[in-house]
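Contents: one structure, followed by commentary.
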Amino acid sequence: MKKQVLLGFAGLGMVLGMASAVAAFASAPGGVSTQLALAKTALEAGEADKAIALLNPLAQRGNAEAYNLRCRVEYALEQWDQAANDCEQAVKLDGHNSDDHMWLARALGEKARRASFLSAYRLAKRVKAEFEEAVRLNPGNGEALTDLANYYYSAPGVVGGGIDKAERVAEQLDKIDAARAHELRCHLDEQRKDYGTAEREYKQMIGWSAHPAFPWIALARFYRGRERWAEMESAVRSGQSAAERDKHAGVAFYSGASILLATSRDPARAAKMLEEYLAGNSKSEDAPAFVAHTWLAELKLKLGDKAGASQERAAALALAHDYKPALDLK
């Protein structure tokens, strides 16, 4: 018994020693910035559990950037309430950061999609206000401008929507990011049901884009909306081919696969695209690796590869142990 007690104290000492080492690392010069950099790298790689473990101690010490990054991990995990709470805390700690307001708006937007009518109305007004504040704080934030425009053309007028407002944002985007502005105008053409112009504009983007895989996938989404299935699949194939020639376009594999998966088309190609994405070196927060593994598991089940599906599910949970879509796969 005495030996067991001594071993228990030794184990406790080891835990306390590790905790002290983490605290010392965080407080040392460059420690916080190093942890934040490691967390960002983990977020980009889709390593949700690793990112959260790095961010928790910093968030507990009131670091605004840690709250923002943890919000973004939770957003990828589809944990909308936690994401909104953490992004709100980031805004409280650093109210002058454009990205903090942008991410809070995104998280609140996802909550609004799933809320009752009255709650969604209140949340939508907050989403608008947060996107507008993000743009006010940094008029050169192309992502925030794009999100604000998307809100304007998607939302009804009663919560501040309007295509005319989105058109004014497109004029601002022209000076900052011509590619984003061009794609935004394609969406506005679709909103006006001017599908012929939208299609021509998407095709023009392919001709002059430095990374044509992305406009090919945007065109595929357009065809999906019009239920032009054969053209949609052709555009996905073209996007895949373009991504195979462009080391910076790996996310196009993920995006193209998502279109095929959502429309139950060509599961073998969708699986191959996800495998190409996961094997590449251009992983992104916009295309979480644990989601890609989960989708791949789903596709392998459809293709009759139960062992492969089990491996992909395990790979997803190794990166994000509480990702519900992976947990729900059987």
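The values are calculated or read from the model by the stated rules, or taken from the named source; none is laboratory data. Predicted model, so just to flag it, every value in this text is computed and none were measured. Here Cβ is always computed from backbone atoms with ideal geometry, including for glycine, and neighbour counts include all displayed protein chains.
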Across segment 122-162, what is the total count of residues that are crowded, with 16+ Cβ neighbours inside 10 Å and either among the β-branched types (Val, Ile, Thr) or touching a residue at least 60 places away in the same chain (Cβ under 8 Å) (or both)? 4
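Please go through segment 279-328 and pick out each residue that is in a loop (DSSP other than H, G, I, E, B) and modelled with pLDDT of 95 or more. Full working, then the answer.
Residues of segment 279-328 that are in a loop (DSSP other than H, G, I, E, B), as a first pass: 280-283, 285-286, 288, 303-305, 320-323.
Within segment 279-328, Gly280, Lys283, Glu285, Asp286, Pro288, Leu303, Gly304, Asp305, Ala320, His321, Asp322, Tyr323 qualify.
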Looking at segment 28-58 only, could you name the residues that are buried (at least 18 other Cβ atoms within 10 Å of the Cβ) and in a loop (DSSP other than H, G, I, E, B)? Gly46, Glu47
Identify all residues within segment 270-297 that are closer than 12 Å to Glu47 by Cα and among the β-branched types (Val, Ile, Thr); write none if there are none. Val291
Look at Arg200 and say whether it is of a type outside the set (Asp, Glu) and either more than 20 Å from the chain's Cα centre (by Cα) or not in a helix (DSSP H, G or I) (or both). yes
Answer with yes or no whether Trp80 is of a type in the set (Phe, Trp, Tyr), buried (at least 24 other Cβ atoms within 10 Å of the Cβ), under 17 Å from the mean Cα position of the chain (by Cα) and within 26 Å of Thr294 (Cβ to Cβ). no
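For residues that are farther than 19 Å from Gln79 by Cβ, in a helix (DSSP H, G or I) and of a type outside the set (Phe, Trp, Tyr), scanning just segment 100-119, find the one that is modelled with the highest pLDDT.
Step one: filter segment 100-119 for residues farther than 19 Å from Gln79 by Cβ, giving 101, 116-118.
Now narrow it down to the ones that are in a helix (DSSP H, G or I): 101, 117-118.
Subsequent filtering for residues that are of a type outside the set (Phe, Trp, Tyr) retains 101, 118.
Values: His101: 98, Leu118: 91.
The extreme case among them is His101.
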